[in-house]
Amino acid sequence: MMKTYGHFDDANREYVITDPKTPFPWINYLGNEEFFGLISNTAGGYCFYKDAKFRRLTRYRYNNVPMDTGGRYYYIKDGDTVWNPGWKPTQTDLDFYECRHGLSYSKFIGEKDGVRSELTCFVPKGTNAEVHKLTLENISNVRKKLKLFSFAEWCLWNGMSDMENFQRNLSVGEVEIEDSVIYHKTEYKERRDHYAFFSVNAPIDGFDTDRENFIGLYNGFEKPVAVAEGSPRNSVAHGWSPIASHYIEVDLEPGEKRELVFVLGYIENEKEEKWESKGVINKTKAKAMIAQFDTSEKVDAALLALSKDWEKLLSVYQVSTGDEKLDRMVNIWNPYQCMVTFNMSRSASFFESGIGRGMGFRDSNQDLIGFVHQAPERAKQRILDIAATQFEDGSAYHQYQPLTKRGNADIGGDFNDDPLWLILSVSAYIKETGDWSILDEIVPYDNDESKATDLFGHLTRSFTFTTKNLGPHGLPLIGRADWNDCLNLNCFSDDPNESFQTTGNQMGRTAESLMIAGQFVLYGREYVELCKRRGIKTADSEGHIDAMIDAVKKDGWDGEWFLRAYDYYGKKVGSKENDEAQIFIESQGFCTMAEIGKEEGLCQKALDSVEERLACEHGIVLNNPAFTKYVIEYGEISTYPPGYKENAGIFCHNNPWIIIGETKLGNGDRAVDYWKRIAPAYREEQSELHKMEPYVYSQMIAGKDAFKPGEAKNSWLTGTAAWNWAAISQDILGIKPGYDGLMIDPCISKDWKAYAITRKFRSATYRISIRNPDGVCKGVKSMTVNGQPVDGNIVAAVEPGSSVDVLVTLG
Ligand code: BGC
Ligand code: NOJ
């Protein structure tokens with residue numbers, strides 16, 4: 001039996017960590033709108049406004065020793081003992097420790113020597129701040145004289161230059177202290193119209209704002225000299241490293257309790273309203289924000305409002321199957337992770353530094369399918385932002401920065417799968433909302449207002465981008481890479497100082513992708529459907545799709561599975577003719593989801609090959625056999641050690657493609673089995689091996705060829721969340737939003753007897769009860785809507801506000 005580090009608390013929608021020494025920091029996210037914090041199970045992490053690169057409030061050192069050092073720390077000095085509610089950084093043994101990661105908040109409960117502390121951190125709705133409520137309670141029978149020190153270290157805003165430009169940084173830091181508030185105003189006097197502050201709703205007995213004064217040059221976070229000596233320095237930072245630390249003396253009689261509210265906030269001022277007087281910042285907005293949370297009651301109300309919001313978001317889809325792990329994935333954690341990936345794309349996690357990548361074009365489009373049912377208005381805005389980074393030929397910037405919404409020119413475009421994902425997100429949006437007007441929105445190309453068409457025009461260009469970029473076999477050219485960023489068939493990188501992906505030594509018009517071929521057929525059909533509903537002729541488009549299907553059957557089938565690609569030299573990739581990597585997952589997923597060659601049995605064969613060659617107990621690996629040597633014409637994929645990342649790792653993102661492919665064939669047992677292999681709630685028992693958080697998906701679990709199969713990496717920010725949401729909610733449990741209503745089309749394990757789902761759809765409520773008396777995997781035998789039998793399996797959309805009962809019998 002492996003060690004676990006906590007447990008799920010489904011009633012409170014929390015994961016409760018009971019041992020602070022998790023195998024890796026197990027984190028959570030605060031904030032759902034414009035202000036965000038990353039917070040570990042020891043309160044480590046940082047916060048930022050909109051963009052982790054350009055507007056970082058607090059400093060965080062990745063790659064630190066020990067890991068996860070730096071955060072929002074509260075030091076409690078009780079006699080000679082100093083401890084923290086979240087155990088770190090002092091690491092003083094606690095009599096009791098619990099970290100409760102909930103939906104957009106985290107709570108740390110620590111007890112030591114008769115003092116109980118409870119720290120709750122969250123970002124209230126509509127607020128650009130983290131609020132920390134700290135309760136200190138004397139649970140002993142003697143009087144306690146405690147000394148409390150808060151701590152946050154400011155980042156000089158740009159997370160990138162903060163880590164490198166020390167000749168400047170160490171001279172520019174500026175702060176102000178007024179009442180109990182410490183203001184961070186570095187660079188405010190010139191180009192920045194924003195500052196940060198850290199406040200507490202009580203008088204303070206001292207403070208520090210200069211790091212070296214507070215910590216001491218030779219100490220670490222675990223032993224700040226001011227804390228050790230029990231006396232703040234009242235330091236005022238001038239350059240060096242500004243911090244914010246409040247000092248408060250807390251005397252507690254036995255049984256007495258004290259509540260304090262700290263606010264770590266971000267303020268923007270109009271240029272003409274920046275100053276109160278020369279050199280003194282205008283604090284009006286900060287004071288207003290502080291006043292919003294100056295009592296515990298106000299904070300509790302804000303926390304309640306947040307939880308009501310989540311209640312509402314989650315109520316869109318609630319299932320009851322009798323399998324508590326499945327229910328908690330579907331009802332709580334999978335949608336929660338989908339919200340986080342929607343917010344962050346791949347920018348800021350404990351594996352993504354926040355200074356590297358912005359919002360990915362393909363990533364954000366895919367994230368949308370996991371999120372659109374939760375907040376369609378936000379999904380709409382996201383679609384318009386993404387589409388505005390498309391070029392006129394239909395291709396796209398691969399990434400854009402959330403703060404500026406501009407395409408990132410360092411990376412550019414030429415990832416040839418990118419354009420097609422826009423069709424996926426837009427069609428998902430319309431199916432969910434019935435809002436066809438989005439197609440008429442005028443959207444620029446490359447953010448240039450003078451070049452614009454309606455959104456539908458963008459989709460047309462996405463579609464035609466593929467038809468205009470076909471290779472020698474009539475299959476789509478891959479460009480720098482398709483979904484698999486590491487299959488770099490035109491890059492030929494032999495210089496360790498260059499990027500594998502953006503090095504274009506060869507401008508190939510030969511390397512072709514079977515993954516994009518499947519994608520084109522699948523989303524091309526979606527495009528055709530949209531055309532039809534807009535009264536646009538589709539014969540040409542359908543001709544292109546048919547031609548693609550023929551090309552796949554003719555030159556994309558290897559005998560037992562779909563090929564992966566043709567390389568720069570026109571040689572097969574992912575074929576039994578290859579020495580290594582004879583079979584890849586992506587083309588099996590996309591070609592089976594697109595049902596190419598289903599009638600001829602190609603899909604079944606391909607999926608049987610997946611089971612035989614790629615599946616293992618921890619999930620389905622990406623390719624097999626793993627590469628053991630660098631193949632320059634394939635690029636980064638062959639650089640990873642066998643079993644890791646794109647080289648035969650279980651790249652969880654694409655497991656659901658296979659799962660969905662299985663459901664197209666009615667193989668419910670296999671689909672459910674694959675789904676469970678990677679679902680975190682089912683892996684909780686193996687936490688010691690899995691290593692990452694048991695409440696969210698990781699991008700990768702080491703595959704069967706790895707040194708340590710089953711060990712995960714890169715939790716949180718992965719398209720895995722959205723795709724698994726699609727797979728379980730739509731293809732397995734079978735509730736599929738469609739243009740005209742909800743299609744009920746489950747594909748489940750034969751032994752599931754019955755389950756029930758409440759689905760809110762276009763402002764109406766559908767109570768769906770599914771029975772499986774004959775023990776089948778798939779097939780709706782009969783259906784009643786409000787007691788009336790209906791033909792087929794589509795529940796037509798009903799009046800907003802109404803509710804319907806749907807009874808479905810499989811057989
Ligand atoms: C990773 C990919 C990722 C890419 C982003 C690669 O090193 O293996 O998973 O998509 O970097 O640039
Ligand atoms: C992670 C990237 O964010 C995503 O865009 C890519 O498709 C996968 N890795 C596979 O390489």
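Of all residues in the stretch 644-682, which are among the β-branched types (Val, Ile, Thr) and part of a helix (DSSP H, G or I)?
658, 659, 660, 663, 672, 678
Kindly indicate the residue of the stretch 1-60 that is in contact with a helix residue (DSSP H, G or I) (Cβ under 6 Å, 6 or more places away or on another chain) and under 30 Å from residue 381 (Cβ atoms) and also surrounded by the most Cβ atoms within 10 Å (Cβ to Cβ) among those meeting that condition.
29
Taking strands (runs of 3 or more DSSP E) that fall entirely within the stretch 1-59, which contain at least 2 residues that are under 30 Å from residue 155 (Cβ atoms)?
14-17, 28-30, 35-39, 45-49, 56-58
Step by step: first the residues of the stretch 661-704, then only those that are open to solvent by 10 Å² or more (accessible area, probe 1.4 Å) and either within 16 Å of ligand 2 (Cβ to nearest atom) or in contact with a His (Cβ under 7 Å, 6 or more places away or on another chain) (or both), then the one that is nearest to residue 641 (Cα to Cα). Which residue is that?
Within the stretch 661-704, the match that is nearest to residue 641 (Cα to Cα) is 699.
State yes or no: is residue 345 within 16 Å of ligand 1 (Cβ to nearest atom), among the polar types (S, T, N, Q) and at positive phi?
Judged against the criteria, residue 345 is a match.
Test residue 335 against the criterion of being open to solvent by less than 10 Å² (accessible area, probe 1.4 Å) and either more than 16 Å from ligand 2 (Cβ to nearest atom) or more than 20 Å from residue 441 (Cα to Cα) (or both), and give yes or no.
Working: open to solvent by less than 10 Å² (accessible area, probe 1.4 Å): yes; either more than 16 Å from ligand 2 (Cβ to nearest atom) or more than 20 Å from residue 441 (Cα to Cα) (or both): yes.
Considered against the rule, which asks whether it is open to solvent by less than 10 Å² (accessible area, probe 1.4 Å) and either more than 16 Å from ligand 2 (Cβ to nearest atom) or more than 20 Å from residue 441 (Cα to Cα) (or both), residue 335 comes out as yes.
Can you say whether residue 476 is away from ligand 1 (no atom under 16 Å from the Cβ), free of Cβ contacts under 8 Å to residues at least 60 places away in the same chain and not β-branched (Val, Ile, Thr), as far as the supplied structure shows? Write out each step before concluding.
On the way: away from ligand 1 (no atom under 16 Å from the Cβ): yes; free of Cβ contacts under 8 Å to residues at least 60 places away in the same chain: no; not β-branched (Val, Ile, Thr): yes.
Here the answer is no, as residue 476 does not meet what is asked.
Taking the stretch 475-501 as the search range and keeping residues that are open to solvent by 40 Å² or more (accessible area, probe 1.4 Å) and touching an Asp or Glu at 6+ places or on another chain (Cβ under 8 Å), which one is farthest from residue 596 (Cα to Cα)?
500
Is there a residue in the stretch 512-532 that is in contact with a Cys (Cβ under 7 Å, 6 or more places away or on another chain) and either part of a loop (DSSP other than H, G, I, E, B) or within 16 Å of ligand 2 (Cβ to nearest atom) (or both)?
Yes, the conditions are met somewhere in the stretch 512-532.
Each row is one residue, and each column tells you yes or no for (1) surrounded by fewer than 20 Cβ atoms within 10 Å (Cβ to Cβ); (2) touching a strand residue (DSSP E or B) at 6+ places or on another chain (Cβ under 7 Å).
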{"position": "418", "(1), (2)": "no, yes"}
{"position": "424", "(1), (2)": "no, no"}
{"position": "439", "(1), (2)": "yes, yes"}
{"position": "445", "(1), (2)": "no, yes"}
{"position": "449", "(1), (2)": "yes, no"}
{"position": "457", "(1), (2)": "yes, no"}
{"position": "460", "(1), (2)": "yes, no"}
{"position": "468", "(1), (2)": "yes, no"}
{"position": "473", "(1), (2)": "yes, yes"}
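Residues in the stretch 513-533: is at least one within 16 Å of ligand 1 (Cβ to nearest atom), open to solvent by less than 60 Å² (accessible area, probe 1.4 Å), over 25 Å from residue 605 (Cβ atoms) and under 34 Å from the mean Cα position of the chain (by Cα)?
Scanning the stretch 513-533 turns up no residue that is within 16 Å of ligand 1 (Cβ to nearest atom), open to solvent by less than 60 Å² (accessible area, probe 1.4 Å), over 25 Å from residue 605 (Cβ atoms) and under 34 Å from the mean Cα position of the chain (by Cα).
So, in the stretch 378-437, exactly how many residues are out of contact with any helix residue (DSSP H, G or I) (no Cβ under 8 Å at 6 or more places or on another chain), farther than 28 Å from residue 475 by Cα and at pLDDT 95 or above?
5
Of everything in the stretch 706-725, what is more than 16 Å from ligand 1 (Cβ to nearest atom) and either in contact (Cβ under 8 Å) with a residue 40 or more places away in the chain or β-branched (Val, Ile, Thr) (or both)? Give them in sequence order.
707, 709, 710, 724, 725
What number of residues in the stretch 717-744 are over 30 Å from residue 484 (Cα atoms) and either open to solvent by 20 Å² or more (accessible area, probe 1.4 Å) or of a type in the set (D, E, K, R) (or both)?
Count: 3.
Between 656, 642, which is open to solvent by 10 Å² or more (accessible area, probe 1.4 Å) and in contact with a Ser or Thr (Cβ under 8 Å, 6 or more places away or on another chain)?
Within the list 656, 642, the selection yields 642.
Return the residues of the stretch 609-633 that are within 28 Å of the chain's Cα centre (by Cα) and within 15 Å of ligand 1 (Cβ to nearest atom); say none if nothing qualifies.
Scanning the stretch 609-633 gives 621, 622, 623, 626.
For the stretch 750-778, name all the residues that are exposed (fewer than 15 other Cβ atoms within 10 Å of the Cβ) and farther than 21 Å from residue 327 by Cα.
763, 773, 774, listed by residue number.
The values are calculated or read from the model by the stated rules, or taken from the named source; none is laboratory data. Remember, predicted model here, so these are calculated numbers, not experimental data. Because the Cβ atoms are built from the backbone with ideal geometry, glycine has one as well, and the counts that use them run over all protein chains shown. These accessible areas exclude ligands, DNA and RNA; they are computed on the full protein's heavy atoms, side chains included. Shrake-Rupley method; radii C 1.70, N 1.55, O 1.52, S 1.80 Å.
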